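The values are calculated or read from the model by the stated rules, or taken from the named source; none is laboratory data. These numbers were taken from a predicted model, which means no experiment stands behind them. Using ideal geometry, Cβ is built from the backbone for each residue, glycine included, and neighbour counts are taken over all protein chains shown. Ligands, DNA and RNA are stripped out before the accessible areas are found, and what is left, the full protein with its side chains, is counted by its heavy atoms. Shrake-Rupley method; radii C 1.70, N 1.55, O 1.52, S 1.80 Å.
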Amino acid sequence: MKYYAVIDTNVLVSAMLKHHSVPGSIIDLAFDGPITPVLNEAIEAEYRDVLSRPKFHLPEDLIEDIINAFRQNGLYVDAEPLDIPLPDPKDRVFYEVVMEERKEEDAWLVTGNIKHFPEKPYVVTPRQMLDIILEESDL
């Protein structure tokens, strides 16, 4: 089974800082498993910008490998703007992309900041996404 998931930047950063973690498992499943990451150019740019911050000490070649993995494995969509109030306006693009993809497929928004988004069954934590996949598959 395929799972379409918009991955919030905080999940990606957590995965990079602690690979053997639940967020790390989500990224592994997105790059080589049943998750198809869903994003757009704005999300890709945010990934690159945040991962490049000096405080994370991530090598440039690793960042390029990550971005290339999203390009190879991801589904890029053009999302319509939504007029929805969120605590952090920068999060709007993630919600817009998941809502756009949900027009075609079941899609999830995977975030460590669940309270930053509307309370919906498709807005999940990395642990919840992993549990959904494990319940429905033989991983």
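Compared with the alpha-carbon gap, the fully stretched path from Leu134 to Asp106 is longer by 8.4 nm at 0.36 nm per residue.
A simple count of charges around Tyr76, restricted to other residues whose Cβ falls under 10 Å of its Cβ and scoring Lys, Arg +1 and Asp, Glu -1, yields -2. Database remark: amide H of Leu75 closer than 5 angstrom to the amide H of Val38, Leu39 (H placed geometrically; neighbours at sequence offset of 5 or more, or on other chains; Pro and chain starts carry no H).
Comparing His20, His57, His116 in a Gaussian network model of the chain where C-alpha atoms under 10 Å apart are linked, the largest mean-square fluctuation is found at His57. Element breakdown for the stretch 78-117 at a 1.4 angstrom probe: carbon and sulfur atoms account for 46% of the accessible area.
Where the only charges are on Cβ atoms (+1 Lys, Arg; -1 Asp, Glu), what is the dipole of the chain about its Cα centre, to the nearest 20 debye? Working shown, then result.
Values: 13 positive and 27 negative charges, 103 e Å.
So the magnitude is around 500 debye.
Other residues within the sphere of radius under 15 Å centred on the Cβ of Asp32, judged by their own Cβ, net out at 0 (K and R +1, D and E -1).
Taking all protein chains together and a 1.4 Å probe, the residues Glu136, Glu41, Glu100 rank Glu41, Glu136, Glu100 from largest to smallest accessible area. Each helix, a run of at least 4 DSSP H residues, gives -39500 (n - 2.57); summed and divided by the residues of the chain, these come to -14000 deg cm²/dmol at 222 nm. Note on the chain: GNM, Cα springs under 10 Å; of Ser52, Ser14, Ser25, the largest mean-square fluctuation is that of Ser52.
Within the chain, the ratio Rg/Rh, alpha carbon atoms throughout and Rh by Kirkwood, equals 0.93.
Using a probe of 1.4 angstrom and keeping all protein chains present, the accessible surface of the chain works out to 55 square angstrom per residue.
Applied to the stretch 122-136, the Karplus parametrisation 6.51 cos²θ - 1.76 cosθ + 1.60 on θ = phi - 60° returns per-residue 3J(HN,Hα) values of 9, 9, 10, 7, x, 4, 5, 5, 4, 4, 4, 5, 5, 5, 9 Hz, with x for Gly and Pro. What is the stretch 8-47 by shape, rounded, prolate or oblate, if you read a ≥ b ≥ c off the alpha carbon gyration tensor as root eigenvalues and call it rounded for a/c under 1.5, prolate for a/b larger than b/c, and oblate otherwise? Here the stretch 8-47 falls in the oblate category.
Of Lys18/Lys90; Lys55/Lys103; Lys18/Lys103, which ones are farther than 30 Å apart at the Cα? Where the Cα-Cα span goes over 30 Å, the pairs concerned are Lys55/Lys103; Lys18/Lys103. The calculated FRET efficiency for the pair Glu41 and Asp83, based on their C-beta separation and a Förster distance of 22 Å, comes to about 0.55.
Computing Rg and the Kirkwood Rh from the Cα coordinates of the stretch 49-91 gives a ratio, Rg/Rh, of 1.10. Working from Cα pairs under 8 Å separated by at least six residues, relative contact order for the stretch 1-90 is 30 percent. Once backbone amide H atoms are built at 1.01 Å from N, Trp108 has Tyr4, Ala5, Val6 as its partners under 5 Å, excluding neighbours fewer than 5 places away on the same chain. Comparing Pro81, Pro37, Pro89 in a Gaussian network model of the chain, where Cα atoms under 10 Å apart are tied by springs, the biggest mean-square fluctuation is seen for Pro89.
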